[in-house]
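Input: a single structure, listed below in structure tokens.
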Amino acid sequence: MASPLIKNLYTTTFSQASSHDGSLLAVGNNEGKIVMFDLTGVAANQESGIGERLKSPCRVINAHSDAVYAMVTTDAFCISGTTGLIAGRRWSEVRQPQSQAAWTISLECDQANFGTPEVNSLGYDGSRGLVYAACGDWRTHVYDLETGKRTQTLEGHDDYVHDVVASGDLVASAGEDGQVLVWDPRAGREPRHRLAPHTHTQLARPHLGRFVASLDLYNDWLVCGGGPRAGVFHLRSLALTTVLPPPKPAIHVTKFTRHAEGGDRGGIVVAGVTPNLYVCSMAGMVTAQLPSSSPSIYTVNVSEKPFTMMTYGGTSTKIDVCFNLNYRDHTVSLLEE
């Protein structure tokens with residue numbers, strides 16, 4: 001059996017979620033653990049103008065037997081996804097030592113073709129109470145949180161689905177096959193739009209492959225990246241409008257912030273197989289280049305209420321913390337003291 005020291009050397013952070021009231025941050029890793037941070041003191045001091053760093057974890061939950069690949073938040077629940085399973089834990093109870101998952105959803109498995117699929121990403125549609133699970137069986141499964149039942153399956157990818165996001169009336173997914181599919185679930189089962197970023201000369205990097213690992217939606221805009229460079233697309237025209245840095249490494253995170261159309265303030269976060277996180281404007285100008293404790297970054301979480309905080313991590317036992325999008329404030333360990 002590997003020693004705790006050796007296991008820590010191979011710790012990878014895959015996912016994050018923060019409670020809507022800004023009091024808790026949850027971080028999921030490759031060992032099936034969810035590391036919880038209490039942000040109450042940080043929030044109080046940010047409001048008063050006195051900076052305070054995150055302290056050590058307030059609790060570590062042995063959540064799953066496999067990696068916590070995906071997390072998403074609702075008003076009531078911290079939802080995590082792993083191989084074959086989605087689980088919801090009440091934010092109000094996660095500090096308690098004996099708290100358990102309030103509910104679980106087992107994925108229906110196609111053992112003949114795929115075995116038990118992993119949940120690579122989770123999206124949440126709060127207006128309809130739906131959770132979208134991007135999975136290794138080439139599909140995105142849709143579940144009703146009230147009943148726990150699968151209501152729909154979005155198909156169209158020819159390989160496993162890396163990421164899914166729900167925004168307004170649209171749902172978009174990104175896959176290993178190099179496709180980005182955009183649906184309006186109200187209008188039927190067929191995607192409204194199909195994008196193939198690797199077919200654009202400005203984005204193509206054949207030596208890295210065509211896979212699209214990450215995407216995000218903001219009004220009429222979509223940002224995505226993976227093997228191809230990160231790029232911004234206008235959904236009404238399907239035109240590529242902006243090519244984003246960095247030029248060389250594979251991309252694992254592309255995310256809009258609420259400043260997406262804020263000009264020089266920056267509103268797109270790009271990160272991947274590089275020890276830096278880039279904050280860019282919609283025009284592609286780099287407004288900040290932030291150092292990372294992780295050689296590869298797999299997850300970025302940006303919360304705006306009750307104060308701005310961005311945390312990012314990956315192949316490391318640490319996460320980096322920013323209280324705006326311009327500089328890294330400090331780094332905190334994911335290990336219990």
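The values are calculated or read from the model by the stated rules, or taken from the named source; none is laboratory data. Nothing here was measured: the structure is a model prediction, and the numbers come from that model. Please note: Cβ atoms are built from the backbone with ideal geometry, for glycine as well, and neighbour counts cover all protein chains shown.
As a summary of the residue check, residue 213 satisfies the conditions (1) touching a Leu at 6+ places or on another chain (Cβ under 6 Å); (2) buried (at least 21 other Cβ atoms within 10 Å of the Cβ) except for the one numbered (1).
Number of residues in the range 267-320 that are touching a residue at least 24 places away in the same chain (Cβ under 8 Å) and part of a strand (DSSP E or B): the value is 31.
Residues of the range 107-125 that are farther than 14 Å from residue 80 by Cβ and at pLDDT 95 or above: 125 alone.
Among the residues of the range 207-221, what is the count of those that are part of a loop (DSSP other than H, G, I, E, B) and either modelled with pLDDT under 95 or touching a strand residue (DSSP E or B) at 6+ places or on another chain (Cβ under 7 Å) (or both)? Let's see the steps before the verdict.
Keep residues of the range 207-221 that are part of a loop (DSSP other than H, G, I, E, B), which gives 207-211, 219-220.
Cutting the leftovers down to either modelled with pLDDT under 95 or touching a strand residue (DSSP E or B) at 6+ places or on another chain (Cβ under 7 Å) (or both) gives us 211, 219-220.
Number of matching residues: 3.
Restricting to the range 179-205, name every residue that is in contact (Cβ under 8 Å) with a residue 24 or more places away in the chain, within 16 Å of residue 223 (Cβ to Cβ) and surrounded by 12 or more Cβ atoms within 10 Å (Cβ to Cβ). Result: 179, 180, 181, 182, 193, 195, 197, 198, 200, 203.
Anything in the range 195-228 that is of a type in the set (D, E, K, R) and within 20 Å of residue 122 (Cα to Cα)? List them, or say none. Before you say what the answer is, go through the steps one by one.
Of the residues in the range 195-228, the ones of a type in the set (D, E, K, R) are 205, 210, 216, 220.
Across the range 195-228, the qualifying residue is only 216.
The residue that is farthest from residue 75 (Cα to Cα), counting only those in the range 122-139 that are surrounded by 21 or more Cβ atoms within 10 Å (Cβ to Cβ) and touching a His at 6+ places or on another chain (Cβ under 8 Å), is 139. Within the range 303-320, the residues that satisfy the criterion of being crowded, with 20+ Cβ neighbours inside 10 Å and under 16 Å from the mean Cα position of the chain (by Cα) are 309, 310, 311, 312, 313, 314, 319, 320.
Determine which member of the set 94, 119, 68, 142 is of a type outside the set (Asp, Glu), buried (at least 22 other Cβ atoms within 10 Å of the Cβ) and over 21 Å from residue 217 (Cα atoms). Show your work before the answer.
Values: 94 fails: buried (at least 22 other Cβ atoms within 10 Å of the Cβ); 119 fails: over 21 Å from residue 217 (Cα atoms); 142 fails: over 21 Å from residue 217 (Cα atoms).
Residue meeting the stated conditions: 68.
Just wondering, is there one or more residues in the range 158-167 that are touching a Leu at 6+ places or on another chain (Cβ under 8 Å), assigned to a loop (DSSP other than H, G, I, E, B) and crowded, with 23+ Cβ neighbours inside 10 Å? Scanning the range 158-167, I find no residue that is touching a Leu at 6+ places or on another chain (Cβ under 8 Å), assigned to a loop (DSSP other than H, G, I, E, B) and crowded, with 23+ Cβ neighbours inside 10 Å, so the answer is no.
For residue 232, the requirement of being in contact with a strand residue (DSSP E or B) (Cβ under 8 Å, 6 or more places away or on another chain), buried (at least 23 other Cβ atoms within 10 Å of the Cβ), touching a residue at least 40 places away in the same chain (Cβ under 8 Å) and under 25 Å from residue 132 (Cα atoms) is met.
Scanning the range 84-97 for residues that are without any contact (Cβ under 8 Å) to a residue 24 or more places away in the chain and either over 14 Å from residue 34 (Cα atoms) or touching a Lys or Arg at 6+ places or on another chain (Cβ under 9 Å) (or both) yields a count of 2.
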